[in-house]
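A short worksheet on the structure shown next.
What follows is calculated from the coordinates using simple rules that are stated; it is not laboratory data. None of the values given here were measured: they were computed from a predicted structure. With ideal geometry, Cβ positions are generated from the backbone for all residues, glycine too; neighbour counts draw on all protein chains shown.
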């Protein structure tokens, strides 16, 4: 099973428990299949993905996620498949991304999972 990290830039990286429900243009796609392919779409592949957070949470991620639907928080983020320090780890850039929904498993204010909606997706080589 691939271990993923969310990178918001500026050394703001958080390990994730899981990455699920990748949808591209309303079509479910297996992320591992997408990572192993060589997709080059002639149009932007907009979509969404659900990320489940682990116990090691970065404050910047919490702040970004809590601004659900705030258009000022749109930014490029990167999903790293593997060790963030390893230059050979696959990186998936989600362009113009924002946290579009949050999910809480308990009553604390810290979201346990969240959906990211994005304008385009590319695998960096």
* Within the chain, helix-based [θ] at 222 nm, where runs of 4 or more DSSP H residues each add -39,500 (n - 2.57), nearest 500 -> -3000 deg cm²/dmol
* Asked: Looking at [x] 0.94; [y] 0.98; [z] 1.38, which value of Rg/Rh (Cα atoms, Kirkwood Rh) comes from a calculation on the structure shown?
  -> [x]
* Asked: For the chain, modelled as a Gaussian network with Cα springs under 10 Å, which listed residue fluctuates most, 41, 20, 97?
  -> 41
* How high is the FRET efficiency between residue 122 and residue 83 when r is their beta carbon distance and R₀ equals 25 Å, given to the nearest 0.05? -> 0.75
* Mind giving me the nanometre distance, one decimal, between the label points for residue 23 and residue 95, set 7 Å out from Cα along Cα→Cβ? => 2.2
* Asked: Taking the simple approach of a point 7 Å from Cα along Cα-to-Cβ for both residue 75 and residue 38, what is their distance in nm?
  -> 3.4
* Asked: Any idea how far the Cα center of region 11-33 sits from the one of region 54-103, in Å?
  -> 11
